[in-house]
């Protein structure tokens with residue numbers, strides 16, 4: 001095939017789309033504004049500590065994401081639980097564990113729910129009935145996306161305490177919203193797909209190495225080996241139709257800082273935007289027969305608006321939801337679990353990232369013994385407005401209440417990282433705003449976790465969208 005395909009965006013969706021198009025024989029160029037690949041899944045180093053921008057996990061049912069890791073050679077850096085097991089902690093209470101059995105779904109969770117001490121016995125009975133009712137819901141049923149998950153749970157006998165102690169343990173990390181604010185359709189999808197349809201679907205996978213070592217760097221090697229041309233530090237400013245297909249115009253250095261900041265992204269990305277660094281090409285445009293736009297929804301809307309105003313309006317109407325991560329380095333080990341969830345505490349999920357952060361290798365030249373914990377805060381609108389000192393004042397005592405050893409430990413580092421547009425907001429009505437891969441213009445396809453994959457904004461949804469966008473682009477060719 002002599003056709004040329006341009007993929008705009010080097011996150012998981014763009015990586016998957018570029019690999020598929022190259023495998024089909026197309027000449028592929030991938031355009032990415034940052035100086036690295038991986039999109040929202042990236043790592044950075046600060047004061048000798050390797051950090052991920054967020055604590056991304058996946059499930060056994062995330063088959064597309066797992067297959068992509070195997071395809072690029074990143075699967076060696078991940079670990080998948082042999083059986084779902086979530087330690088749950090609460091201040092001044094005995095820890096408990098949500099662990100599935102080997103029974104078929106949904107009976108595999110019956111024992112875990114029966115022993116879940118953070119709910120009363122009547123609450124556990126009602127929760128079991130609600131789980132069966134959720135299993136009967138079909139996420140695509142008409143009107144389901146217009147309804148609120150929290151209101152549906154309340155109508156089925158779940159009080160605020162039960163929602164906080166059980167249902168939000170799953171809703172917050174997967175939907176990036178508490179149940180009280182989330183779409184019932186997306187909530188039903190998450191609980192059915194991850195917990196209720198197949199016994200092993202919800203087994204949790206972790207990234208044992210920094211994300212850049214698992215996703216970005218292996219992807220760059222795999223793409224180059226597939227013949228894909230990488231244009232890093234290359235910002236797509238405008239998309240035009242031509243007689244042959246499309247032309248993607250590169251942003252000029254004259255763009256104002258205000259224009260650049262509109263697009264959001266991390267500090268690393270903004271540096272690339274302002275310098276215009278590009279080791280691959282000095283060309284100011286890229287011509288292609290087909291284009292796949294694999295950008296966050298706000299940036300995608302601006303780029304495609306001249307060609308498909310209707311799709312741009314839908315994408316632009318999606319709201320964003322932030323995630324805040326706290327990175328805490330202790331002078332000793334305070335947490336024995338690789339990860340844990342919190343109930344009746346500000347701490348949602350906490351992960352031991354010592355090995356991935358370089359602490360197990362001797363942080364800052366010291367002997368082992370330190371521990372690096374990362375606290376992931378989803379639906380973090382409140383935390384986005386808090387100063388680092390305010391976050392420290394709120395969360396260090398909360399961690400000490402969960403981990404008694406932390407009370408006598410010295411905190412050597414406390415870093416807060418913020419993703420103001422980490423995901424689209426999975427609120428009621430969001431399904432109507434999520435575009436499919438096809439646009440009104442043949443040869444122009446859309447990808448990204450925000451598109452209509454059926455999944456919330458997850459690693460799996462991003463990869464699935466890349467595959468479907470590639471098929472649409474290739475069909476148009």
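Data overview
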item: DSSP-defined beta bridges in the chain - what % are antiparallel, rounded to 5; result: 75
item: Tilt relative to the chain, helix 63-72 - C-alpha long axis, 0 to 90 degrees, to 10; result: 60
item: Where Rh is the Kirkwood radius over Cα pairs, Rg/Rh for segment 320-423; result: 0.96
item: Rg/Rh ratio calculated on Cα atoms of segment 125-225 (Kirkwood radius); result: 1.12
item: Whole-percent pair-distance distribution, where bins are 5 Å wide, for the alpha carbons of segment 364-426; result: 3, 12, 25, 22, 15, 13, 6, 3, 1
item: Kirkwood Rh in Å, taken over the chain so that all alpha-carbon pairs contribute; result: 23.1
item: Net lengthening on full extension, residue 92/residue 224 (0.36 nm per residue, minus Cα-Cα); result: 42.2 nm
item: Kirkwood-Stokes translational diffusion coefficient of segment 290-334, alpha-carbon pairs, 37 °C, 0.692 mPa s, µm²/s; result: 247
item: Normalised contact order of the chain, rounded percent, pairs of Cα under 8 Å and 6 or more residues apart; result: 24
item: Nearest 10 degrees, 0 to 90: helix 12-23 Cα axis against the chain principal axis; result: 50
item: Value of [θ]222 nm, deg cm²/dmol, for the chain, DSSP H segments ≥ 4, -39500 (n - 2.57) each, nearest 500; result: -9000 deg cm²/dmol
item: Reduced Cα scattering model of segment 59-161, Debye log10 I(q)/I(0), q = 0.13, 0.15, 0.25 Å⁻¹; result: -0.71, -0.89, -1.28
item: Two-site label geometry, residue 475 and residue 103: point separation in nm, points 7 Å out along Cα→Cβ; result: 4.3
item: Calculated log₁₀ intensity ratio I(q)/I(0) where the Debye formula runs over C-alpha points of segment 386-477, q = 0.18, 0.24 Å⁻¹; result: -0.83, -1.12
item: Between helix 388-402 and the chain: long-axis angle, C-alpha atoms, 0 to 90°, nearest 10; result: 40
item: FRET efficiency, residue 110 to residue 285 (Cβ-Cβ, R0 60 Å, nearest 0.05); result: 0.50
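Read-outs throughout are calculated quantities, based only on the coordinates presented, and are distinct from any laboratory measurement. Treat the numbers as computed from the prediction; the structure is a model and nothing was measured. Positions of Cβ are generated from backbone atoms using ideal geometry, with glycine treated the same way; all protein chains shown enter the neighbour counts.
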